Amino acid sequence: MWIYVKHLQRPVRVSRCDVGLAKLILTQFGGPDGEFSASWRYITQAFTMPTGRTKALLIDIGTEELAHLEMVGTLFHMLIRDATPQQLRSAGLGEQYAVHGFANFLNSPGGEPWTSSYIQATGDPVADLTEDMAAEQKARAAYERLLCSTSDPDVREVLSFLREREVVHFQRFGEALQHVQSYLDNPRHLWPGFTPEQKD
Amino acid sequence: MNGTHLKEKYELLHEIQKWRFRVLELALFLDTHPDDSRALEDYNEAAKRLHSLQRTYEERYGPLMNFSGASGGHTWTWIEEPWPWEIGT
């Protein structure tokens, strides 16, 4: 199960209301390479990981991504909470406001609803971990673009932290992939999905 | 809660965040380096520190986690605002 901790992973502040930036940041909330995609990609994949350490890593990183979803959601909330509906409309969040008000919703900046086709769980640990490494790089690139899009020092501090976490996760997934490859080199360890009869 | 108390509360919360981050980072490292005894030592030290800070916080201000088994005290403070996305801490 999961337990909620009543604090963010680290403090989040914004210097000023910025609807345009909030709209861009939505990509890391409900966009293709955002934190929601990340957490559920890893948590769903954990069920078919072959070893204790890969199951642990996917659950642990999946859990941290939920904390990042909360931080990104906090950024979005703080960037729009003092805006007027007119300001939301002129900064391009008019449609979002009409349907969701000031709520955090799993949309991309373009308004596309989150879909599970953003993520994959193949049941194959090599394919899944390779996808996870790519996902971390895509998220890193997204955070770098967001960093280029704002001069707000408080927002930049949070974005830099989140960017750095993608780099650490990429490193850990790389180590997990190496471990799975050497695990599968042992002929006694079957590829998931093969029964012993099929293997012979 | 007055200003000084609030400041103390958030300072303690910030310490907890720092130590929980240390625990989390070492846990991820240990998932892929389970035989690293130095990392495990660091983890155990950080976990002990986090646990004690958390106990101090919960004794003073009430539960920090839902369903954690920590005492609810004499008043149900879990419902107290602000929530994390409101203060940003």
Worksheet item: Does A:Leu66 fit the bill of being at pLDDT 95 or above, surrounded by fewer than 22 Cβ atoms within 10 Å (Cβ to Cβ) and within 14 Å of chain B (Cβ to nearest Cβ)?
Response: yes
Discussion item. With the requirement that a residue be surrounded by fewer than 16 Cβ atoms within 10 Å (Cβ to Cβ) and in contact with a Phe, Trp or Tyr (Cβ under 8 Å, 6 or more places away or on another chain), what does the range A:114-150 give you?
Written reply: A:Ser116, A:Gln137
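Of the residues that sit in the range A:145-191 and are within 18 Å of A:Ala127 (Cβ to Cβ) and of a type in the set (Asp, Glu), which one is farthest from the other protein chains (Cβ to nearest Cβ)?
First, pick out the residues of the range A:145-191 that are within 18 Å of A:Ala127 (Cβ to Cβ): A:169-170, A:172-185, A:189-191.
Add one more test, that the residue is of a type in the set (Asp, Glu), and what stays is A:175, A:185.
Working: A:Glu175: 4, A:Asp185: 17 Å.
Among those residues, the one meeting the criterion is A:Asp185.
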Item to complete: Go through the range A:106-151 and count every residue that is farther than 25 Å from A:Lys55 by Cβ and of a type in the set (Ser, Thr, Tyr).
Response: 6
Worksheet entry | Test result for A:Leu75, at pLDDT 95 or above, buried (at least 16 other Cβ atoms within 10 Å of the Cβ) and of a type in the set (A, V, I, L, M, F, W, C) | yes
Worksheet item: B:Leu28: surrounded by 13 or more Cβ atoms within 10 Å (Cβ to Cβ), at pLDDT 95 or above, more than 8 Å from chain A (Cβ to nearest Cβ) and part of a helix (DSSP H, G or I), yes or no?
Response: no
Worksheet, complete the sentence: Among residues of the range B:54-79 being of a type outside the set (Ser, Thr, Tyr) and more than 14 Å from A:Val5 (Cα to Cα), the residue surrounded by the most Cβ atoms within 10 Å (Cβ to Cβ) is B:Gly73
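Residue under question is A:Glu166, and the condition is that it be acidic (Asp, Glu) and within 12 Å of the chain's Cα centre (by Cα); does it hold? Outline the logic, then answer.
Details: acidic (Asp, Glu): yes; within 12 Å of the chain's Cα centre (by Cα): yes.
Spelling it out, A:Glu166 is indeed acidic (Asp, Glu) and within 12 Å of the chain's Cα centre (by Cα).
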Worksheet item: Hey, does the range A:98-108 have a residue that's more than 26 Å from A:Tyr4 (Cα to Cα) and in a helix (DSSP H, G or I)?
Response: yes
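Results for (1) of a type in the set (D, E, K, R); (2) farther than 18 Å from B:Ala27 by Cα; (3) within 10 Å of another protein chain (Cβ to nearest Cβ), shown as yes or no for each residue.
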position	(1), (2), (3)
A:Val5	no, no, yes
A:Gln9	no, no, yes
A:Val14	no, yes, yes
A:Glu35	yes, yes, no
A:Ala38	no, yes, no
A:Ile61	no, no, yes
A:Met71	no, yes, yes
A:Met78	no, yes, yes
Worksheet entry | Residue list for the range A:121-151, filter: in a helix (DSSP H, G or I), polar (S, T, N, Q) and within 30 Å of A:Ser15 (Cβ to Cβ) | A:Gln137
Fill in: From the options B:Glu15, B:Glu41, B:Glu81, residue that is of a type outside the set (A, V, I, L, M, F, W, C) and within 12 Å of the chain's Cα centre (by Cα)
B:Glu15
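Among the residues of the range A:9-24, what is the count of those that are of a type outside the set (Val, Ile, Thr) and crowded, with 18+ Cβ neighbours inside 10 Å? Break it down stepwise before answering.
First, pick out the residues of the range A:9-24 that are of a type outside the set (Val, Ile, Thr): A:9-11, A:13, A:15-18, A:20-24.
Remaining after also requiring crowded, with 18+ Cβ neighbours inside 10 Å: A:9-11, A:18, A:21-24.
The qualifying residues number 8.
Would you mind stating whether B:Ala39 is surrounded by 14 or more Cβ atoms within 10 Å (Cβ to Cβ) and either in a helix (DSSP H, G or I) or β-branched (Val, Ile, Thr) (or both)? Steps first, answer last, please.
Numbers: surrounded by 14 or more Cβ atoms within 10 Å (Cβ to Cβ): yes; either in a helix (DSSP H, G or I) or β-branched (Val, Ile, Thr) (or both): yes.
Yes.
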Worksheet item: Can you name every residue in the range A:6-46 that is among the hydrophobic types (A, V, I, L, M, F, W, C) and without any contact (Cβ under 8 Å) to a residue 60 or more places away in the chain?
Response: A:Ile43, A:Ala46
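The values are calculated or read from the model by the stated rules, or taken from the named source; none is laboratory data. Bear in mind the structure is a predicted one, so any value in this text is a computation, not a measurement. Ideal geometry is used to build each Cβ from the backbone, glycine not excepted, and the neighbour counts take in all protein chains shown.
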